[in-house]
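The values are calculated or read from the model by the stated rules, or taken from the named source; none is laboratory data. Everything numeric in this text was worked out from a predicted model, so none of it was measured. Glycine gets a Cβ as well: all are built from the backbone with ideal geometry, and neighbour counts include every protein chain shown.
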2 protein chains.
Amino acid sequence: MRPQIVLFGDSITEQSFRSGGWGASLADNYSRKADIVLRGYGGYTSRWALFLLHHIFPLGSGMPPAAATIFFGANDAALLGRNGEKQHVPIGEYKDNLRRIVYHLKECSPTMLVVIITPPPIDEEGRMAYARSLYGEKAMKLPERTNEATGVYVKQCVELAKELGLPSINLWSKMQETEGWQKKFLSDGLHLTPEGNAVVHQEVVRIFNEAGFSAPEMPYDFPHHSEIDGKNPEKAFQLQCI
Amino acid sequence: MRPQIVLFGDSITEQSFRSGGWGASLADNYSRKADIVLRGYGGYTSRWALFLLHHIFPLGSGMPPAAATIFFGANDAALLGRNGEKQHVPIGEYKDNLRRIVYHLKECSPTMLVVIITPPPIDEEGRMAYARSLYGEKAMKLPERTNEATGVYVKQCVELAKELGLPSINLWSKMQETEGWQKKFLSDGLHLTPEGNAVVHQEVVRIFNEAGFSAPEMPYDFPHHSEIDGKNPEKAFQLQCI
């Protein structure tokens, strides 16, 4: 049985297997070594994620995941009184929800490598332009998310990871280090371009490597073809398969 | 529990989660509906695949895969007396091996949707150019595979699918219908470009749809965000999660 890596999050996780996506790139890295399990739910908040916890990470499973990424907050940070109001989760509850998710995963398996990823930054102009492209004159007049408000959620997310001694990826800060991040990394002011996906991929790989969960150092599930003797293939498979 | 779709094959399956890959595209299509399980083994032949069968598709599993693609033959068709000689599998044995794989999968689950994919065509010039780019003067002087020899394996592969009443994808013929297939679909005379991956993806989706395993018609594993009432989220989750 191969180890599993579960990607648990919102649309930025759900879309991570599109062309150039960070999830697909991970699946390629861990091909023949670990399975990447996609559990991304577009539009979901940390509050709604709690309903899925016991189903995606059942307690008492004989083979719990070896690692998981938790990637919520972009929707929690939607503002009250604007278009995404129903997704808004108060900042204190957001932090509590993340804590509950982490506790559950650690109860599921104390050795699970849990990595928390903050939401990306918001390009408010990009959000508005995207809304206009969809709805024209009827588009929202004010963005449903702001970069500043999302930054408040990011801070709590990073603090929680520190409190719990978990690795985290501050995507919000990391992306804003690059000039032109608004269009380079974000396709609609929120979701990721292939370049934005590459940032997430690179950061997840870095954290996994630092935690000793490096794909190049993991064994293949079955022999590499170079180890197979054409005249006596049984030999290579003897240990694992016969 | 979500249905599983296992992609079982050689390097063309193993590499199917690279950017634009057909496996990643399937994972995106079936996101929130089914899990795509990557079981691609670079360099493997149908003969070596047999050693893995009971491990990848254990009998008596409580939840066998709902569907599987079998995608071997590109290596079996390597010619005797050339560079890939150790991979060569005689044509009769190739057909027998495929039959054994199918029988095993049907024993694993009689309702499993099994789709057989033929190897792609071979661009012999592309293979030679690729070898020269790696080894210069020391490169092989004759290609280790020919399009004609691969065509013989393709014919047996398609015939077997007909004998067993299984859907198949004749990638070899399909790709050669397009002018300039040699460079358009193949990156090194054998492996797939993003355009070549798109052909496989499109054909697999077509077959899955025809077999009633269409992603758009399958239910989401958990509620779509539009079905969740912000003030009363419990309601949407009640049936599945509480």
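Some notes on this structure:
- Some residue of region A:183-205 being within 14 Å of chain B (Cβ to nearest Cβ), surrounded by fewer than 18 Cβ atoms within 10 Å (Cβ to Cβ) and charged (D, E, K, R): yes
- Residue check, B:LYS86 touching a strand residue (DSSP E or B) at 6+ places or on another chain (Cβ under 9 Å), surrounded by 14 or more Cβ atoms within 10 Å (Cβ to Cβ) and without any contact (Cβ under 8 Å) to a residue 12 or more places away in the chain: no
- Out of A:ALA236, A:ALA215, A:ALA211, one residue alone is among the aliphatic types (A, V, I, L, M), within 14 Å of chain B (Cβ to nearest Cβ) and closer than 25 Å to A:THR13 by Cα. It is A:ALA215.
- Filtering region A:46-66 to residues that are among the hydroxyl-bearing types (Ser, Thr, Tyr) and either facing chain B (nearest Cβ under 9 Å) or surrounded by fewer than 21 Cβ atoms within 10 Å (Cβ to Cβ) (or both) leaves only A:SER61.
- Scanning region A:14-45 for residues that are modelled with pLDDT of 95 or more, in contact with a Gly (Cβ under 7 Å, 6 or more places away or on another chain) and not hydrophobic (A, V, I, L, M, F, W, C) gives A:GLU14, A:GLN15, A:SER16, A:SER31, A:GLY40.
- Scanning region B:206-216 for residues that are touching a helix residue (DSSP H, G or I) at 6+ places or on another chain (Cβ under 9 Å) and either surrounded by 13 or more Cβ atoms within 10 Å (Cβ to Cβ) or closer than 14 Å to B:LEU113 by Cβ (or both) yields a count of 5.
- Beta carbons closer than 7 Å, at least 6 apart along the sequence or on distinct chains, pair a first residue in region B:126-152 that is in a loop (DSSP other than H, G, I, E, B) with a second that is modelled with pLDDT of 90 or more and β-branched (Val, Ile, Thr) for B:ARG145/B:ILE122; B:THR146/B:ILE122.
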